[in-house]
Amino acid sequence: MERFNILLVDDVPENIYSLKMMIEDSFDVNLFSALSAQEGIEILMKEDIDLILTDVQMPEIDGFEFVDYLKNIERTKNIPVIFITGIYDKDEYKTKGYNLGAVEYITKPIHDVLLNSKLKVYIDIFEKRKSDEEEIAAKDRVLIHQSKMATMGEMIGVIAHQLKQPLNILSLYCNDVKNSYEFNEINDKFIEDFSKNTKKQITFLSETIDDFRDFFNPNKQKRVFEIKKAIDASIKLLGNQFEVNEINLNIDVSNEKVFGIETELEQVILNIINNAIDVFKDRNIENREINITVLSKNSYTILIIEDNAGGVKLDTLEKLFDPYYTTKATGTGTGLYMVKLVIKNSFQGDLKVNNSSKGLRYIIALPQKEL
């Protein structure tokens, strides 16, 4: 588990040394020290600090001004602060400190038992929060794995169907060779056509298998890629599902970029499209459509996927991304939860879903570069 990080800020080195001795004697934590507010800010911008102990009386920027500044910065506004002072011990100063958001106000001389009891509270909270975060992360990993396995099961069916057609064609070519040999019809043109056509089918088989293997490759690194490639790869993996289910697919995309893992975005797109296909079939929707639109806004690429299957009820809309919630008789309820986790955690993006005039609309905001 990560260690608790404490920042000590005091313009007197001896005070910092004394605090370090007290804390290290009782706790196994990481201690950072700064001799001014400016130094403290520099450390806070680089390190993940869990608690700040700061003096009040300091030159240039005093402790009150230091904390007031930190509470207006997104990165530091929620870090607990304890004021430690030997001069500003009147009630009016304590009130000011608490009004600035301090969690404790300790006056000197410091009693080591008092300080230790205060620190233990925040260290215990930190360890409990980290433990909870690790437990949630472990559960999320299990859910994502379950979703990937479910997606793999669906994809194996699609891939098997895609492989049958070229295998059937190759079988016909083999029969044609036998018949042509019997009737003495094999010539240079026959050999050339046979070679070209069989190689074409073998290439298709090889590419299909490679696409499937790359799709589930767990070792992909984050990088900038064109979102069109992820969309095209997802459509290719779905094979003839659009034709079989009589779905009109409309795509409006150019060269918009996204930062992340391409195959994870492919899984997101596949999950959303597969959900739409299932709803089309369950509701016997006619004139089926799926529209995919991509546009840029500020430093984000916006991916919009919309179907015309009629949408969902408001109470269902609010639960769509909950783990294990499903509207399907045989669904696992992990697919759309995985979509949310990937967008939020892997891409640091944003995801919204609403009912349009036609059906369900997913709006996904993805960063164009590393945040």
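Couple of notes before you dig in:
- Counted charge near residue 68, where neighbours are those whose Cβ lies closer than 12 Å (Asp, Glu -1; Lys, Arg +1): +1
- 1.4 Å probe accessible area per residue over segment 73-113, in Å²: 60
- Accessible surface of segment 1-127 [probe 1.4 Å, protein heavy atoms]: carbon and sulfur percent: 48
- Ordering of 251-259, 7-15 by packing [mean C-beta count within 10 Å, highest first]: 7-15, 251-259
- Accessible carbon and sulfur surface of segment 220-370 relative to its total accessible area, %, 1.4 Å: 45
- Anisotropy class of segment 5-110 from Cα gyration tensor, a/c 1.5 cut: rounded
- Using a probe of 1.4 angstrom and keeping all protein chains present, the accessible surface of segment 220-370 works out to 48 square angstrom per residue.
- Residue-span extension gain [residue 45 to residue 125] - 0.36 nm each, minus C-alpha spacing: 26.5 nm
- Cα gyration tensor shape for segment 220-370, rounded if a/c is under 1.5, else prolate or oblate: prolate
The values are calculated or read from the model by the stated rules, or taken from the named source; none is laboratory data. What you are looking at is a predicted structure, and each value in this text was computed from that prediction instead of being measured. Positions of Cβ are generated from backbone atoms using ideal geometry, with glycine treated the same way; all protein chains shown enter the neighbour counts. Protein only, heavy atoms only, side chains kept; ligands, DNA and RNA dropped before computing areas. Shrake-Rupley method; radii C 1.70, N 1.55, O 1.52, S 1.80 Å.
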